Amino acid sequence: MSTRKKIKVEDVTKVFTNNKGEQQQALAGVDLTVFDTEFICLLGASGCGKTTLLNLMAGFESISSGTIYIDDKPVGSPQPQYQTIFQNYGLFPWRTVEENIEYGLEVQGVSLAERRKIAANYMEMVGLEKFRHSHPHQLSGGMQQRVAIARALAVEPEVLFMDEPFGALDALTRFRMQEEITRIWQENKQTIVFVTHDIDEAVFLADRIFIMSPYPGRIKTVVPVPIGRPRDRTDYDFIKIRDRIYGEFKLTVKKELDYYI
């Protein structure tokens, strides 16, 4: 892992106004650093602000206070070198697999011949070359997610933001996609910020895990995952880290219950 800072979040707060005109604080005083080519997971229960924090880093929402930098430049609107992959895939139903993967390149003005060449490379990388002329409705959930990943990678992004991308998949497909994104990341060496509420998934994927607590969202603990790859979920070191994180969550849940009681 590089020691060069890629993303810097400093004292970030986010406040929303609800439909009653009341202000609700989603994030408070969030600080984190992501290094170049690092794979991090934002881990926490629903409502802790994981997705909000990711959207702020990706430029989809504006911060209320604090600063976010990528490559020492303040984050504004979304940029093509920073791609986001959502849980709902975001594929165009009228486009084939090949045409979906080409979309970002088309927007950038890349020629048809070059687009086809690049798309072919990424279809092969995610194992979809036999489905190039298929439409999204003809694919399984896991295959659709692979198309979304290939489309994001085709524009050669420096950062991938991933918002619970495997959350809607069955357990076996989810395991395969975790292995797939690990392989792709090792080949391409992007910086990845991955949102999840699944402890096992975070330990399997991440170099470091940022555990978030809610109401408002904060970084509670940062857990390094000093385990080699590929990772074995039955390995003692894997289980030890997973149990440590589970213990952190038990404490967080207890504090929330005490607060409401």
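Before moving on, here are some points about what is shown:
Yes or no, residue by residue, for (1) within 28 Å of G49 (Cα to Cα); (2) modelled with pLDDT under 85:
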{"residue": "L105", "(1), (2)": "no, no"}
{"residue": "E114", "(1), (2)": "no, no"}
{"residue": "N121", "(1), (2)": "no, no"}
{"residue": "E129", "(1), (2)": "no, no"}
{"residue": "R132", "(1), (2)": "no, no"}
{"residue": "G142", "(1), (2)": "yes, yes"}
{"residue": "R146", "(1), (2)": "yes, no"}
{"residue": "Q190", "(1), (2)": "yes, no"}
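- Selected residue [outside the structural domain of V225 (by TED's automatic domain parsing) and under 30 Å from G109 (Cβ atoms)] from F60, F86: F86
- On inspection, C48 passes the criterion of being in the same structural domain as V195 (by TED's automatic domain parsing), in a loop (DSSP other than H, G, I, E, B), crowded, with 18+ Cβ neighbours inside 10 Å and not charged (D, E, K, R).
- Test: residue in segment 165-177 that is surrounded by 21 or more Cβ atoms within 10 Å (Cβ to Cβ), of a type in the set (S, T, N, Q) and outside any loop (DSSP other than H, G, I, E, B): no
- Considering only residues in segment 84-138 that are in contact (Cβ under 8 Å) with a residue 24 or more places away in the chain and of a type in the set (S, T, Y), the one that is surrounded by the fewest Cβ atoms within 10 Å (Cβ to Cβ) turns out to be S134.
- Among (1) in contact with a Leu (Cβ under 7 Å, 6 or more places away or on another chain); (2) within 25 Å of P78 (Cβ to Cβ); (3) not in a strand (DSSP E or B) - the single one F161 does not satisfy: (3)
- Filter pass, R151 being outside any strand (DSSP E or B), buried (at least 22 other Cβ atoms within 10 Å of the Cβ) and in contact with a helix residue (DSSP H, G or I) (Cβ under 6 Å, 6 or more places away or on another chain): yes
The values are calculated or read from the model by the stated rules, or taken from the named source; none is laboratory data. What you are looking at is a predicted structure, and each value in this text was computed from that prediction instead of being measured. FYI the Cβ positions are ideal-geometry reconstructions off the backbone, even for glycines, and counts take in every protein chain you see.
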